[in-house]
Amino acid sequence: MQYIYLTALALLGLCMLIFPKQLWKISNFLWTQKGDPSNLYTSLMRISGAAFLVLALILFIFCRLQ
């Protein structure tokens, strides 16, 4: 069961890394029209995505060792 959570974490991190603008549009489509995310938002989203991927990898290795 824990591998499902790790896979979801890795997929979320990958989406955050590759598609930060699309995730912004999905999360803010009710509040803005024709708006774009700032450069700071996209940079922090990519950094967070990379951190999620690293965390998923570390947790996967930790789970395999037990």
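The values are calculated or read from the model by the stated rules, or taken from the named source; none is laboratory data. Since the model is a prediction, treat every value here as computed from it, not as a measurement. Just the protein is used for accessible areas: all its heavy atoms, side chains included, with ligands, DNA and RNA removed. Shrake-Rupley method; radii C 1.70, N 1.55, O 1.52, S 1.80 Å.
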Handout entry: the chain, accessible surface, carbon-and-sulfur percent (1.4 angstrom probe)
Key = 71
Exercise for the section: Bin width 5 Å, alpha-carbon pairs only: give the P(r) of the chain as whole percents, running from 0 to the bin holding the largest distance. Expected result: 4, 19, 22, 18, 14, 10, 7, 4, 2, 1
Handout entry: For the chain: accessible area per residue (Å², 1.4 Å)
Key = 81
Practice task
Considering only Gly35, Gly13, Gly49, give the residue with the highest GNM mean-square fluctuation for the chain, with springs between Cα atoms whenever their separation is below 10 Å.
Solution key: Gly35
Handout entry: Residue among Leu17, Leu55, Leu40 with the largest mean-square fluctuation in a Gaussian network model of the chain, springs linking Cα atoms under 10 Å
Key = Leu40
